[in-house]
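Here is the structure we will look at.
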Amino acid sequence: MIGEDFRPDDNETKKQVRKSLHLSTRIPKAPCSAPSHITLDFHQHTEQEAWEMLVDAINSGAHSATVITGASGILKQKFPQWMTESIIAPNIISFEALNNGSFKVRFHHKNKTISC
């Protein structure tokens, strides 16, 4: 049944088996862990875009973020309200002003992995 030349540990045999089984396409890529800290810069973004960036950051599984709102404008005014009164408030552990236009935010940690 098996010829005398058969050697299952032979590299050439392993390559042929992998090729015939298409193993390279069947093995999923290893997941990556979520970033621990991200930076969000709201400059040149609308209120809606800034909100979506913030929601994406929360959903990414990141532990914390530095959020740059700018020293003046609607986003600087809205940001503290978003942290305390919006639907994302339960996902926020804390937030604090770093300077006149930036905040440090800590999120409730979600054990998330993402595809690389």
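Any read-out appearing in this document is the output of simple, stated calculations on the displayed coordinates, not a laboratory observation. Remember, it's a predicted structure, so these values are computed and weren't measured experimentally. Note that each Cβ is placed from the backbone with ideal geometry, even for glycine, and that neighbours are counted across all protein chains shown.
Of note:
- Per-residue Cβ neighbour rank within 10 angstrom, fewest leading, E49, E12: E12, E49
- Per-residue Karplus couplings for region 49-65, computed as 6.51 cos²θ - 1.76 cosθ + 1.60 with θ equal to phi - 60°, are listed in order as 5, 5, 4, 5, 4, 5, 5, 4, 5, 5, 6, 6, x, 5, 7, 8, 8 Hz, Gly and Pro entered as x.
- Per-residue 3J(HN,Hα) values for region 96-102, derived from phi via the Karplus relation 6.51 cos²θ - 1.76 cosθ + 1.60 with θ = phi - 60°, read 8, 6, 8, 7, 5, x, 9 Hz in sequence order (x marks Gly and Pro).
- Bins of 5 Å, starting at 0 and running to the largest distance - Cα pair percent for region 35-116: 3, 15, 29, 27, 16, 6, 2, 0
- Computed about its Cα centre, the charge dipole of region 31-115 is approximately 260 debye, with only Lys, Arg, Asp and Glu carrying charge at their Cβ.
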